[in-house]
Structures are given as C-alpha cells and as structure tokens.
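Visitor: Dumping the structure here so I can ask a few things about it.
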Amino acid sequence: MDTSAESRTQSTLINGEAESASEPVQWEYSPAPERAAVEIADRYDLFINGKFTAPKSRKHFATINPATEQVICEVAEAGKADVTAAVAAAKAAQPKWARLKPQERAKYMYRIARRIQERARELAIIESTDGGKPIRESRDVDVPLAAQHFFYHAGWCDKLRYAFPGAGRDPKPVGVCGQIIPWNFPLLMAAWKIAPALACGNTCVLKPAETTPLTALRLAEILEEVELPAGVVNIITGGPESGRALVEHNDVKKIAFTGSTEVGKLLAKMVADTDKRITLELGGKSPNIIFADASIDQAVEGIISGIYFNQGHVCCAGSRLLVEEGAVDIVVDKLTHRLQSLRVGDPLDKNTDIGAINSKAQLSTIHKYLEAGRNEGAALHEVNGQPLPRKGYWCRPCFFTGVQPSHVVAREEIFGPVLAVMSFRTPEEALERANNTPYGLAAGVWTDKGSKIFEIARRLDAGVVWCNTYNKFDAASPFGGFKESGFGREGGLQGLRAYLEL
Amino acid sequence: MTRLNVLKTYKLYINGAFPRTESGRSMKVPAAKGAEVLAHICQGSRKDMRNAVEAARAAQPKWAGRTAYNRAQIMYRMAEMLEGKRDEFAEALKHSTGNTIAATRKEVDASIDRLVCFAGWADKYAQMLGCNNAVAGPYYNFTVPEPTGVIVVVCPDEPALLGLVSLLAPPMCAGNAVVVIASEKYSLPAAVFGEVCATSDVPAGVVNIITGKRAELLEHIANHRNVHAISAANMNKRDRATLRMGAAENVKRVSVIKRSADAWFDVDACESPWTIEPFVEMKTIWHPSAT
Amino acid sequence: MMQHTVNAVMADERAASFTRRSIKTDSKMQGLRLALSMVDLTTLEGKDSPEKVRSLCRKAIQPYDGQIDPPLPSVAAVCVYPSLVSVARKALAGSNVKVASVATGFPSGQFPLDVRLRDVAEAVEAGADEIDMVINRGAFLAGRIGEVRDEIVQVKQACGQAHLKIILETGELETYDNVRRASDLAIEAAASTGELRGGEVFIKTSTGKVQPAATMPVTLIMLEAIRDHYLVTGVRIGMKPAGGIRHAKQALHYLVMVKETVGDAWLTPELFRFGASSLTNDLLRQIVKTTTGRYSAAYDFSEA
C-alpha cells in the first residue's frame, strides 16, 4: 500500500468529509426489531416418554436472556431419577422404533423437518432470546440447517445397508444414545445429534446446555405434534450433574458430546472401563491462512465470518489468522474498515451482526483473555465503536496484532469475538504454525493458486478445511476434528458410522 | 570337534536400526517344550518406547507424503522378504508356541498374503472410505481419509506373527507410522520381523518394534502425547481401561478388537478396508465453484 | 498495476448480505429521498424528440406534483443523446439538475476513435456537464489493454471540465475478475490525465442495452476498486449502477452497500448515481405511501 495513504485513517473512509458541494449524509439504520410475539411459558418440565413431566428432583432453574439479564422462564433440573426415567423410556421405545419399516421412520423425520420450517420464525426468535445470537443468524443459519439435518437424515433410514459396503449388509442400531450439546447452536446441535441417531434406529436422551434449553424444548413440542412414538426422543434439561448421570447410566450405549475439550476428556475417562461408544466434538483454535495472492476483499469477508459469526462462540472459529507478510498491512486495514460496519447490539434487531455474549461467565472468560493478550504485549484493536446497551453481556468484535505463537491468545480457545493476527513468510512456515496446536477441528486457506490450495489442504491437520471460504455447514458434509478436537464425524455419510453396529 | 553355533542376538527395531534396549535388560524366551531357553530378547523400556515414538513422529509425514503406489510397492516388498524368511519364521513360531510346523507355515503364509492384500489397499482404500458430498450451495465438497499419525499396535499373543501383521498393515498402508509392542508371550517372531522391514525399503521410523513387558509399557503408551491412536487386540478389561484412561488425556483414538486365534485367518473380517478406517481421519474440504 | 482477483461465490454472498439489512421508518424515508436525488433520468431511444426531453427535464426538476413536506429533491441529472443536449440544457436552466450525455458512439462504441472524440467535444460544447462513455470491450476482452486505456485517456481529455462516467458494460465482461480489472484500468487511465477532483470521474456498470446490466455483486466489486483507489490516492471516484434497478427496495439495498463498502462520504449524488428511470416513480410511490400511509396508483405519477 502506498505510504501516502497512511495519514488517511480508515474512519475517514467511513465518515469522512466529501469535497463535494452537497453535504454527505449520516445515514443510520433505524432499529428493526423482530416483533412477532412468541409465547413462552413461565416454567418448563422434562420431556420424557412423549410427555412433559414434572421433575422428580422438584428443582427448576432460571434461564436468562443475555441481552437483558432478565429471567425468561424456568426449566426443570433433571436429577438422577429423572435421567433414569428418560433412559428407561428410550430403552423401552428402542426395539419398536428400530423395527419400524425404515420408510415409516423416515416419514416421522420428514415431518419434523417440515414443522421446523413452519415454525422457523418462532424458533429463531426463541434461539436469539435465550442465547443472544443475532436473529439474522438464527433465522438464516441455525434454523434452516436444523431442518436440513432432519430432511437429509430422513432419507438415510431406508438406505443404511448401502452406506458401508462390505462392512455390514444389515447394520444395526446401537441402542440408547445419551447426547449432550453446547450452548452455541442449541437447536442446530440438537438436530445434529438426534437426526442421525433416529435414522439409524436408535433412541435418544438429549440434554441441552444449561443456559440455552428453550429451543430444544420447542423441538420437544414439535416431536409431540408429529406424533413421534413416545420415548424415542427424550429431552432433559439440567446442568453438569444431569449430564454426568446420563453418561454414567448403564443402559446408555453411546455418548455423543459436543463441548469443551476439558469436559470431553472427562467423559472419555468416565466411559473408559465400559463398553459404551463415544464420539466427541470438542474445541478448536483453527488457523485461517491468507496468502498474498488471494482475493483479499473476499478473504476479509472470510475472516469476518470466520471469527465473528455467532460472537465467536463457534468451536471451528478461525481464531488464528495467519497472513503472508506482504499482505498483512492491507488485510489489517481492510479488516479494520470492515469491523466498523459490524453492528453490535440487540440480538432481535434484524440489522444486528454481533449479538450478546451467551452468559456472564463466558463474558468474564473473554475479558480474562483480553487482559492476558495485553499483558503479553500484543496490541488490541478495538476499532468498532458501536455504543453498547447498558444491560446485558457484550463484547465488541476485536483483534490482536503483534501476537507471538506462544501467547495465550494464540494458543487457547477464547470462544469470543477475538482474533489473533500473525504473519508468515513461506507456505512451509504457514503450515508449521497452523498445525502447531493440540487442536485440529477446522482450517481456512485463501489463495488464488489451485495447486497451492490442494497441497495446503492436504497437509493441514483439520477435519474440515475451508478453501477460499469459511464457516460453511451442510447436513451432507461431515464435520468433526483431528487430534484433541475430538473423534467421530457428524453429518454426511461418515456421520452415520457412530450410530450403527456394523 | 563340533562347531559352536553362532547365536543370534535379538534386538529392538527403532528408526531403521537395531539398537539394544537403553535399559540394558533382557528377557528369556522360553521354548514351548522343555526347560530350554530359545533366546534372549530385549526387555524394552519406557525410554525405548519414547525413542520409537519420536522416530515414528519424524517419519510419518514423509511416509504419508509418498505416493500410495510407492507405499504399495514397499509393502509388497515386505511380503517378498517375508516369503524369503518363510522357514525361519515357521521355525521360530514352532519353537515358541509348540504348534506343528504345518500350522506355523500356514500362519506365515497367511501373514505374507495379508501384506500383499494391504499393499493393494494402499492406493484404493481412499476410494472406499472417502466421498463427494452434494451440499446445498455453489461448493465443491469432498471427504478424504487422512492418516491419523503415530499408531501404537499392541499385538495379541496368538497368532503371534499373523496378529502382528494384521494390526500393522492397515494403519501402515494408509500412511501412518507404527510402533509395534510385540506379544510378551511369543515375542520372537516380532523380533525377527524387524529384519523384514529393514530389508524392504521401509523408510526408517515408519515401523518400529519393541519387545518387552506389556504391563510396564501400557500406561506410557496411553499417556504419550505424540501417539495419536492405539490398536490392540484381545485385551483384558483392566488393560483396556488403562489404555482408554490415558488416551483420554490427548483424545487418542483407541481401537480394541476381540478376535479368536482362528478368526485371524478370516479374510473377510481381516482384509476389509474397514480395518483401515479406525486409523484415518476424515477430512472434508470445501471450495467455492465459480468462474 | 496490481491484479486483483475476485472470489465470485464470496462476493455474491457479501452482496446478498446487504439485501438482508432491514431499513425502516426514518432511515427508510431518508434513504428514499437520497436515492431520488441520485437518479439520472435517461432517454436514449431513436425516437427521442425535443418534446420528450423537455418533459423529462420537468420531471427531473420536480419529480412529484403533489405536496410533500419537506419538498422532495430534484433528481441528479438528465441523460440524453448529444443532439438533444442543447434542448436539455435550456429546459434545466436555473435548476441544479445536471445535463449528461452519452457520447463516444453509444452504445456499441464501434466507431472510429476520431468520430467518438468529436461526439464528446460537441456534447461538451452544447452544454453537457457530464459525459458517459463506453469502453472498447472488444479490445479489452482481446487483451489489448493499452488500446482501451489510451481511448479513456483521450476521451477524458476531450471532456475538459465535464465529468466523465466510464461505462464498462459489465454484462459483456462476464466474469467478476474482468469487472475488477476493467474498473482498475478505467480508474487508473482517468487518473493518469491529472489530479482528479472527487466525483470528476465515475465508473458505471452498463449502457442499459445489454443484459445483465447492474447487479449487486458487480457493483460491489466496482465499489471495492473505488475504495482501493481512495485508500492509495485519497481521490473519490464515483459509482453508477445502471439498468435493472426498478424498485425502491433495491435502491435502498444499493445504498446499504455503498455505506458499508466505501462509507457515508459516497452517499451523495456527487459520488453515487442510479441509472434507472423507472426507479423514480417507485421511489415516489414509497415516499408517498410512507408519508400519507396510502398506496398510490400508477397514474398518480407522471411518466419518467
């Protein structure tokens, strides 16, 4: 970049005075809140054996709207006896569900997909209210993808014997699946877990995350509506103790967990001396590599969707940006410019790009990392000057430069809208830096050179490699990690594997 | 005057060389019959294990980077060299296990054939396990199996050679580097197998063989952060739990199969591409499709 | 000149994201008025008559005859063939509506260079404030980049004080890479003639005679070229999407794109125009609806 431009800061590009006769306008978007009314009860029970059932634990806990810090409603806290009841219901329902004509099983799942589509608006609103993600994302990403997962997997029900040729002409379900999902994509993760399990003839007990139980409970309503046989899917809300009881239950044959690496390792130990199967989809610190020959404007879009999508609460977030040295300045300039157009605030406003941080605890984790980054000498760029609402948990999108690979912000998963920018000089150095992590969930690579794409993609230790794109998801596309990002795949043909006995 | 036999010293096989164990310990290999000691072999230690894993770690990317055709030829070469040592292996097995020479020949032959089979899989398994995915957007999306990395193979006691080959070949053909922990009970064939590797153009470090006491090594295998997966057979519940507990530390993949001595001869079960699947990672690649 | 490539799928996706902004209430009203002030009312038919041009000029000065408070702005310019420039000049006297003319052998550009340059000179002499030229796509696609550049330079020089809008005819360039390359080329060629004032040079998508005309992604890519030029030189090149923008809602999407790609500084007719005559009445319809709360009939508005 020409040095004469240095004095022209990015903000003049956005707000600068034109040398023109007519005054430039300041055109601001008026608030555009999603106003559709959605009914939320004061209190929700557990969905066990096809019915909403009061918890034997007699305990309920509040779920909070992270954008207002107000209690939305209360949900039940499943105790050990509740978990037992849910597992028993799933166990009782399983043989019949597995014996059902495959195409009939499929029809239930198609019905679920359709009802999700029909109730999309309501689901999106609840997702954004409960979890803080912008309505634009819950409406355009989470909910449609959740429907697609049921639709895609419905089609597998009667085709399982063709799925793994030579491995089993008559694949059998595993049995009762205990599934524990995180708070970043509550409905979507429920779909990722339930859909393949049902397609393969299993039954489920699903536990949504403590801070985001509401869409899973709406899904339970949908299961009732479509008359899914009782017990096939049971949804129990609760905290870590409920999860532990589920994992430890003897009749649970398979554990599927998405969440932190720390908890994943614990669960792996809990089942070490059992015959339970386990799949883990854990954390990441995914590299996003930008070569100087990439289409830079679009690569910047890839950085944005890579790290700021869903406030950075994404296990595969491209949180380590590796830029070829000659392009660092221009990438940082353009990123700075682009960050200024991101709108932070009310998750229900249709123009919001960055919603609320999911919980107070997560916000303080992010703050801890911001502090650590500064203390280690990296430069924090908080270039987005959006005013923040007074109540709620917020973090403006930001990035660090001057980051060393050894810095905490370059090594640990932050799970927030915080990017670490680093540079490299050669492809070998890029690969070495990219792979120098215990994680291996995803990676991005941006270059206009085809042969380079293939070589880099081949050598990246990552279960998903996005070339000239980032954070794309599809029911037909397997997702899951290398190394400490977990094992097993979700979605696609390979995603069926863990739910079948070949 | 009768000639004094030259006795073979059996050593470990690490990074393409045959070192003695760094611990300086050896174990007796008892003959199947009588009180005779067949040989002395190394009682490999935690440090030998570490050296083997380091060698494997260094060798693995290059092994994976070779063409599948090249890996196939090297594994076929292993079969050729094993064929050349057919009698030596049959004898070693016979004296160790007490099985008839007919039975041990059968085992050696099956081992040779297994290597030939997996030599053939090297450039085909990806076609079986990978696929193209029709995603709802303008993207070319495909899933390919990639080697997991460093695999530790914990061999069953019986069949000592065929078990070793059956657990070694699948990860090896897929571009993994392997550290073999030989059967403690019948370790002689494993000790000789290093010679097959050493004479087959197998790059140094791709296959490493440790003899020793399983109980001593197990926990270290499980804990080692540079080991990415473990393949074991016929393991008792306690050992399996030890492996898994340690493995959880770095989210290792652990595959423990149960297979009777006869079942290792079952071609359907042992030569399927699905025996390779636990040692590959599915990588899904997206690329926009547009002009 | 640095070659910029465009990742088409990502560009499409980014362009689509602007259409998901929700522009309501005050922001909508302000946007609609702004869009109206950016319209180039155009008539480029063989049957164009002085009478038709006069009627268009009247519409340009006062787009709506009803009462709206505060009064609506005039549109930015009236765009006619060179032979009708003097008619428009007269009809627009006393207003701030500019006279634009398509010169250079519009729309094909398939005339000898000297004929095209004379076309430009005559339009300027007749009182045109702005000249819309088309680049030589044949030469561009054949890789004769120098030829394209020289023509732009000469036309720019022939314009004198008049502003220049360089039409790339993006529908014929086909790929986004070509659009970006032609944008960079046009800007660089114009800039080589001397220091440019803001808005002295525009790049423009289409003549309106070739499909596809303006699209969001193509406009985005051209705006990115403008942004990159600004970052290096500090000079603001203008942008004019033309053809295919018929609805007020689309216009608002374009304004969102301008705001978020190059910034609020471009939200002025000095730097951004719509080449879209039929857009005018839809903007009016929306303005009237938003003001009065009633939907109007087509015949409530004069022809554009």
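The values are calculated or read from the model by the stated rules, or taken from the named source; none is laboratory data. What you see is a predicted model, and the numbers here were worked out from it, not measured in a lab. Glycine also receives a Cβ, built like all others from the backbone with ideal geometry; neighbour counts cover every protein chain displayed.
This table checks each residue for (1) outside any loop (DSSP other than H, G, I, E, B); (2) within 13 Å of the chain's Cα centre (by Cα); (3) in contact (Cβ under 8 Å) with a residue 12 or more places away in the chain.
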site	(1), (2), (3)
B:Lys185	no, no, yes
B:Ala222	yes, no, yes
B:Ser231	yes, yes, yes
B:Met235	no, no, yes
B:Arg240	yes, no, yes
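Visitor: Which one is farthest from the chain's Cα centre (by Cα), of the residues in the range A:428-440 that are under 19 Å from A:Gly486 (Cα atoms) and within 11 Å of chain B (Cβ to nearest Cβ)?
Guide: Within the range A:428-440, the first condition is being under 19 Å from A:Gly486 (Cα atoms), and the residues that meet it are A:434-440.
With the extra rule that they be within 11 Å of chain B (Cβ to nearest Cβ), the set shrinks to A:435, A:438-440.
Working: A:Asn435: 22, A:Pro438: 20, A:Tyr439: 16, A:Gly440: 16 Å.
Within the range A:428-440, the match that is farthest from the chain's Cα centre (by Cα) is A:Asn435.
Visitor: Look through the range C:270-288, keep the residues that are within 14 Å of another protein chain (Cβ to nearest Cβ) and closer than 19 Å to C:Thr207 by Cα, and return whichever of them is nearest to the chain's Cα centre (by Cα).
Guide: Taking the range C:270-288 first, the residues within 14 Å of another protein chain (Cβ to nearest Cβ) are C:270-273.
This time we only want the ones that are closer than 19 Å to C:Thr207 by Cα, so: C:271-273.
On the way: C:Leu271: 9, C:Phe272: 7, C:Arg273: 4 Å.
Top of the filtered list is C:Arg273.
Visitor: Right, something else. I'd like the full set of residues that are more than 14 Å from every other protein chain (Cβ to nearest Cβ) and part of a strand (DSSP E or B), limited to the range A:222-281. I'd like the intermediate steps shown before the answer.
Guide: Residues of the range A:222-281 more than 14 Å from every other protein chain (Cβ to nearest Cβ): A:222-246, A:248-254, A:256.
Within the range A:222-281, A:Val233, A:Asn234, A:Ile235, A:Val252, A:Lys253, A:Lys254, A:Ala256 meet the criteria.
Visitor: Something else now. Taking A:Ile48 and the conditions (1) away from every other protein chain (no Cβ under 14 Å); (2) buried (at least 17 other Cβ atoms within 10 Å of the Cβ); (3) in contact with a Lys or Arg (Cβ under 8 Å, 6 or more places away or on another chain), which numbered condition does it fall short on, given that it satisfies the others?
Guide: It is condition (3) that A:Ile48 fails.
Conditions tested, residue by residue: (1) among the hydroxyl-bearing types (Ser, Thr, Tyr); (2) touching a residue at least 40 places away in the same chain (Cβ under 8 Å); (3) under 25 Å from B:Leu161 (Cβ atoms); (4) not in a helix (DSSP H, G or I).
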{"site": "B:Lys62", "(1), (2), (3), (4)": "no, yes, no, no"}
{"site": "B:Met75", "(1), (2), (3), (4)": "no, yes, yes, no"}
{"site": "B:Glu80", "(1), (2), (3), (4)": "no, yes, yes, no"}
{"site": "B:Glu83", "(1), (2), (3), (4)": "no, no, yes, no"}
{"site": "B:Phe89", "(1), (2), (3), (4)": "no, yes, yes, no"}
{"site": "B:Leu93", "(1), (2), (3), (4)": "no, yes, yes, no"}
{"site": "B:Ala103", "(1), (2), (3), (4)": "no, no, yes, no"}
{"site": "B:Ala110", "(1), (2), (3), (4)": "no, yes, yes, no"}
{"site": "B:Leu115", "(1), (2), (3), (4)": "no, yes, yes, no"}
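Visitor: If the Cβ limit is 6 Å and pairs must be 6+ apart or interchain, which residue in the range A:485-496 that is more than 7 Å from chain B (Cβ to nearest Cβ) and under 15 Å from B:Ile285 (Cα atoms) pairs with which residue that is assigned to a strand (DSSP E or B) and hydrophobic (A, V, I, L, M, F, W, C)?
Guide: These pairs meet every condition: A:Glu490/A:Phe479; A:Gly491/A:Phe479.
Visitor: When the residues of the range B:193-217 are filtered to those that are out of contact with any Leu (no Cβ under 9 Å at 6 or more places or on another chain) and of a type in the set (A, V, I, L, M, F, W, C), which remaining residue is modelled with the lowest pLDDT?
Guide: Going through the qualifying residues, I end up with B:Ala215.
Visitor: Across the range A:40-58, what is the number of residues that are part of a strand (DSSP E or B) and among the β-branched types (Val, Ile, Thr)? Step through it out loud before you land on a result.
Guide: Here is the first cut: in the range A:40-58, the residues part of a strand (DSSP E or B) are A:43-44, A:46-48, A:51-53.
Next, from what is left, pick out any that are among the β-branched types (Val, Ile, Thr): A:48, A:53.
The qualifying residues number 2.
Visitor: Being touching a Ser or Thr at 6+ places or on another chain (Cβ under 7 Å), within 14 Å of chain A (Cβ to nearest Cβ), farther than 21 Å from C:Ala77 by Cβ and surrounded by 19 or more Cβ atoms within 10 Å (Cβ to Cβ), is that true of even one residue in the range C:228-240?
Guide: no
Visitor: Can you report the number of residues in the range C:70-100 which are part of a loop (DSSP other than H, G, I, E, B) and touching a residue at least 40 places away in the same chain (Cβ under 8 Å)?
Guide: Step one: of the range C:70-100, the residues part of a loop (DSSP other than H, G, I, E, B) are C:70-76, C:81, C:92-97.
Applying the additional criterion that residues be touching a residue at least 40 places away in the same chain (Cβ under 8 Å) yields C:72-73, C:75-76, C:97.
Total meeting the criteria: 5.
Visitor: I want to confirm something. Restricting to the range A:463-502 and keeping residues that are among the acidic types (Asp, Glu) and closer than 21 Å to A:Gly201 by Cα, which single residue is modelled with the lowest pLDDT? Lay out the reasoning, then the answer.
Guide: So the first thing to find is which residues in the range A:463-502 are among the acidic types (Asp, Glu), and the list is A:474, A:484, A:490, A:501.
Next cut, closer than 21 Å to A:Gly201 by Cα only: A:490, A:501.
Details: A:Glu490: 98, A:Glu501: 94.
Among those that are among the acidic types (Asp, Glu) and closer than 21 Å to A:Gly201 by Cα, it is A:Glu501.
Okay, residues lined up against (1) touching a residue at least 24 places away in the same chain (Cβ under 8 Å); (2) within 14 Å of chain A (Cβ to nearest Cβ); (3) under 23 Å from the mean Cα position of the chain (by Cα):
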| position | (1), (2), (3) |
| --- | --- |
| B:Tyr125 | yes, yes, yes |
| B:Gly130 | yes, yes, no |
| B:Phe142 | yes, yes, no |
| B:Val153 | yes, no, yes |
| B:Leu161 | yes, no, yes |
| B:Leu167 | yes, no, yes |
| B:Cys173 | yes, no, yes |
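Visitor: Could you please give the count of residues in the range B:192-214 that are of a type in the set (Gly, Ala, Ser), touching a Phe, Trp or Tyr at 6+ places or on another chain (Cβ under 9 Å) and buried (at least 24 other Cβ atoms within 10 Å of the Cβ)?
Guide: So the count comes out to 2.
Visitor: Out of all the residues in the range A:290-319, which are touching a strand residue (DSSP E or B) at 6+ places or on another chain (Cβ under 9 Å), within 24 Å of A:Val409 (Cα to Cα) and within 14 Å of chain B (Cβ to nearest Cβ)?
Guide: If the condition is that a residue be touching a strand residue (DSSP E or B) at 6+ places or on another chain (Cβ under 9 Å), within 24 Å of A:Val409 (Cα to Cα) and within 14 Å of chain B (Cβ to nearest Cβ), then A:Ala299, A:Gly302, A:Gly306, A:Cys315, A:Cys316, A:Gly318 are the ones that fit.
Visitor: Here is a follow-up. So B:Ile151 fits all but one of (1) surrounded by 21 or more Cβ atoms within 10 Å (Cβ to Cβ); (2) assigned to a helix (DSSP H, G or I); (3) in contact with a Pro (Cβ under 8 Å, 6 or more places away or on another chain); what number is the exception?
Guide: Answer for B:Ile151: the failing condition is (2).
Visitor: Also: Among residues belonging to the range C:10-21 that are surrounded by fewer than 19 Cβ atoms within 10 Å (Cβ to Cβ) and either assigned to a loop (DSSP other than H, G, I, E, B) or in contact with a Ser or Thr (Cβ under 9 Å, 6 or more places away or on another chain) (or both), point out the one that is nearest to the other protein chains (Cβ to nearest Cβ).
Guide: Step by step, filter the range C:10-21, then rank; the result is C:Arg20.
Visitor: Further question on the same structure: How many residues does the range A:450-461 hold that are surrounded by 24 or more Cβ atoms within 10 Å (Cβ to Cβ) and at the interface with chain B (Cβ under 7 Å from one of its Cβ atoms)?
Guide: Initially, the range A:450-461 is screened for residues surrounded by 24 or more Cβ atoms within 10 Å (Cβ to Cβ), giving A:460-461.
Next, only the ones that are at the interface with chain B (Cβ under 7 Å from one of its Cβ atoms) stay: none.
Total meeting the criteria: 0.
Visitor: Could you please give the count of residues in the range A:463-478 that are touching a residue at least 24 places away in the same chain (Cβ under 8 Å) and facing another protein chain (nearest Cβ under 7 Å)?
Guide: Residues of the range A:463-478 touching a residue at least 24 places away in the same chain (Cβ under 8 Å): A:463-464, A:466, A:468-471, A:473-476.
Checking the rest, the ones that are also facing another protein chain (nearest Cβ under 7 Å) come to A:463-464, A:466, A:468-469, A:474, A:476.
Counting residues in the range A:463-478 that are touching a residue at least 24 places away in the same chain (Cβ under 8 Å) and facing another protein chain (nearest Cβ under 7 Å) gives 7.
Visitor: On to the next question. Being farther than 24 Å from A:Phe52 by Cβ and crowded, with 23+ Cβ neighbours inside 10 Å: is that true of A:Thr258 here?
Guide: Details: farther than 24 Å from A:Phe52 by Cβ: yes; crowded, with 23+ Cβ neighbours inside 10 Å: yes.
Here the answer is yes, as A:Thr258 does meet what is asked.
Visitor: Which of (1) buried (at least 23 other Cβ atoms within 10 Å of the Cβ); (2) away from chain A (no Cβ under 12 Å) is the odd one out, the single condition C:Val262 does not satisfy?
Guide: (2)
Here's the yes/no breakdown for (1) assigned to a helix (DSSP H, G or I); (2) among the aliphatic types (A, V, I, L, M); (3) not assigned by TED's automatic domain parsing to the domain that holds A:Ile72:
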residue	(1), (2), (3)
A:Asp297	yes, no, yes
A:Gln311	yes, no, yes
A:Ile330	yes, yes, yes
A:Asp333	yes, no, yes
A:Leu342	no, yes, yes
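Visitor: Of the numbered conditions (1) out of contact with any Pro (no Cβ under 9 Å at 6 or more places or on another chain); (2) more than 13 Å from chain A (Cβ to nearest Cβ); (3) crowded, with 20+ Cβ neighbours inside 10 Å; (4) at pLDDT 95 or above, C:Val218 satisfies every one except a single condition; which is it?
Guide: C:Val218 satisfies all of (1) out of contact with any Pro (no Cβ under 9 Å at 6 or more places or on another chain); (2) more than 13 Å from chain A (Cβ to nearest Cβ); (3) crowded, with 20+ Cβ neighbours inside 10 Å; (4) at pLDDT 95 or above except (1).
Visitor: Still on this structure, please answer the following. Please determine whether any residue of the range C:251-271 is among the β-branched types (Val, Ile, Thr), outside any helix (DSSP H, G or I) and touching a Lys or Arg at 6+ places or on another chain (Cβ under 6 Å). Step through it out loud before you land on a result.
Guide: Taking the range C:251-271 as the starting set, the residues that turn out to be among the β-branched types (Val, Ile, Thr) are C:256, C:258, C:261-262, C:268.
Filter once more, so that each one left must be outside any helix (DSSP H, G or I): C:262, C:268.
From what's left, touching a Lys or Arg at 6+ places or on another chain (Cβ under 6 Å): C:262.
Checking the range C:251-271: at least one residue is among the β-branched types (Val, Ile, Thr), outside any helix (DSSP H, G or I) and touching a Lys or Arg at 6+ places or on another chain (Cβ under 6 Å).
Visitor: If only one of B:Asn226, B:Asn234 is within 13 Å of chain A (Cβ to nearest Cβ) and either more than 15 Å from A:Phe487 (Cβ to Cβ) or touching a His at 6+ places or on another chain (Cβ under 9 Å) (or both), which one is it? Break it down into steps so the answer makes sense when it comes.
Guide: Values: B:Asn234 fails: within 13 Å of chain A (Cβ to nearest Cβ).
Sole residue among the options that is within 13 Å of chain A (Cβ to nearest Cβ) and either more than 15 Å from A:Phe487 (Cβ to Cβ) or touching a His at 6+ places or on another chain (Cβ under 9 Å) (or both): B:Asn226.
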